[in-house]
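For reference, the structure discussed in these notes is given below.
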Amino acid sequence: MRITLFFYLCTEQKPNKMDIRRIIFLLLTVSFTFSLPAQNIDINTLKTINKWKVHGLSRGLSASGVILPVGVPAAMGLYALIKKDQPMLKDAVYIGTSVIEAVGITYAAKHIIGRDRPFVKYPDKIHAYGAPDADSPSFPSGHTAAAFSLATSLSITYPKWYVIAPSAVWACGVGFARMNQGVHYPSDVVAGAAIGVGCAFANIYVNRWLNKVLFGRQIK
């Protein structure tokens with residue numbers, strides 16, 4: 001369901017303003033819903049995923065949720081500067097700022113909501129594998145937000161199946177990894193994904209202004 005929605009949104013290359021408003025409203029509604037305290041289904045689902053013996057893979061996926069959202073737009077920007085490729089530089093700015101916005105929103109939300117990590121609240125049920133600082137808030141998932149922001153902005157920029165499919169699978173994998181490690185509830189991950197996708201779409205319009213500022217004319 002989540003991947004199907006991801007494919008649909010990313011293949012809409014020129015969403016109109018009404019579509020964007022509806023998407024943002026839906027994502028904000030989902031995020032608000034999942035900001036409520038964890039229900040039984042949330043912790044029970046996490047208990048099951050936390051037990052799966054793929055924690056080594058999850059460590060790698062979690063690390064990629066930091067490395068790739070920084071590395072991909074940085075590499076694109078560096079290459080574009082070397083080759084004097086302005087269209088690619090614009091793409092790098094769009095992708096990079098989408099990630100920055102998603103990370104900024106999740107960081108603010110974490111400290112406003114202040115939800116405890118699942119391994120802190122349920123130490124008898126959830127084991128932390130490669131856990132962050134226990135004082136770091138849980139909701140929403142920053143790794144997942146960054147991953148979905150990167151995956152969505154890449155897919156909007158390069159709307160080909162061989163970009164969209166691996167990007168969607170990887171982003172979902174990062175979200176799964178955060179649960180398998182016991183550091184996020186499913187609701188944290190869903191909210192992070194919603195923020196990441198929402199920022200990538202909203203940033204289409206932000207970057208029209210930003211491109212005008214940086215490059216002297218509005219991107220078409």
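So which of ILE82, ILE100 is at pLDDT 95 or above and farther than 30 Å from GLY130 by Cα? Break it down into steps so the answer makes sense when it comes.
On the way: ILE100 fails: farther than 30 Å from GLY130 by Cα.
None of the other options fit; the residue is ILE82.
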Every residue from region 128-170 that is touching a residue at least 60 places away in the same chain (Cβ under 8 Å), crowded, with 19+ Cβ neighbours inside 10 Å and small (Gly, Ala, Ser) = ALA146, ALA147, SER149, ALA151, SER155, ALA168
ask   = In region 103-131, how many residues are modelled with pLDDT under 90 and closer than 30 Å to VAL163 by Cβ?
value = 1
task = Assess whether PHE119 counts as being farther than 19 Å from ALA194 by Cα, touching a residue at least 12 places away in the same chain (Cβ under 8 Å), buried (at least 20 other Cβ atoms within 10 Å of the Cβ) and among the aromatic types (Phe, Trp, Tyr).
result = yes
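Do the conditions hold for ILE105, that is, is it touching a residue at least 40 places away in the same chain (Cβ under 8 Å), part of a loop (DSSP other than H, G, I, E, B), crowded, with 16+ Cβ neighbours inside 10 Å and β-branched (Val, Ile, Thr)?
Numbers: touching a residue at least 40 places away in the same chain (Cβ under 8 Å): yes; part of a loop (DSSP other than H, G, I, E, B): no; crowded, with 16+ Cβ neighbours inside 10 Å: yes; β-branched (Val, Ile, Thr): yes.
Judged against the criteria, ILE105 is not a match.
If you check LYS83, LYS110, LYS125, LYS53, which single one turns out to be within 18 Å of GLY196 (Cα to Cα) and among the basic types (Lys, Arg)? Before the answer, list the steps.
Values: LYS83 fails: within 18 Å of GLY196 (Cα to Cα); LYS125 fails: within 18 Å of GLY196 (Cα to Cα); LYS53 fails: within 18 Å of GLY196 (Cα to Cα).
Going through LYS83, LYS110, LYS125, LYS53 in turn, the sole match is LYS110.
Condition (residue is more than 19 Å from ILE95 (Cβ to Cβ), surrounded by fewer than 22 Cβ atoms within 10 Å (Cβ to Cβ) and in contact with a Phe, Trp or Tyr (Cβ under 7 Å, 6 or more places away or on another chain)) applied to region 191-208: is it met by at least one residue?
First, pick out the residues of region 191-208 that are more than 19 Å from ILE95 (Cβ to Cβ): 191.
Those left that are additionally surrounded by fewer than 22 Cβ atoms within 10 Å (Cβ to Cβ): none.
Within region 191-208, none of the residues are more than 19 Å from ILE95 (Cβ to Cβ), surrounded by fewer than 22 Cβ atoms within 10 Å (Cβ to Cβ) and in contact with a Phe, Trp or Tyr (Cβ under 7 Å, 6 or more places away or on another chain).
Can you tell me which residue in region 61-77 is farthest from the chain's Cα centre (by Cα), limited to those that are surrounded by fewer than 17 Cβ atoms within 10 Å (Cβ to Cβ) and touching a residue at least 24 places away in the same chain (Cβ under 8 Å)? Break it down into steps so the answer makes sense when it comes.
Step one: filter region 61-77 for residues surrounded by fewer than 17 Cβ atoms within 10 Å (Cβ to Cβ), giving 63, 66-67, 70-71, 74-75.
Subset that is touching a residue at least 24 places away in the same chain (Cβ under 8 Å): 66, 70.
Details: VAL66: 11, VAL70: 12 Å.
So, considering only residues that are surrounded by fewer than 17 Cβ atoms within 10 Å (Cβ to Cβ) and touching a residue at least 24 places away in the same chain (Cβ under 8 Å), the one farthest from the chain's Cα centre (by Cα) is VAL70.
The values are calculated or read from the model by the stated rules, or taken from the named source; none is laboratory data. Everything numeric in this text was worked out from a predicted model, so none of it was measured. Glycine also receives a Cβ, built like all others from the backbone with ideal geometry; neighbour counts cover every protein chain displayed.
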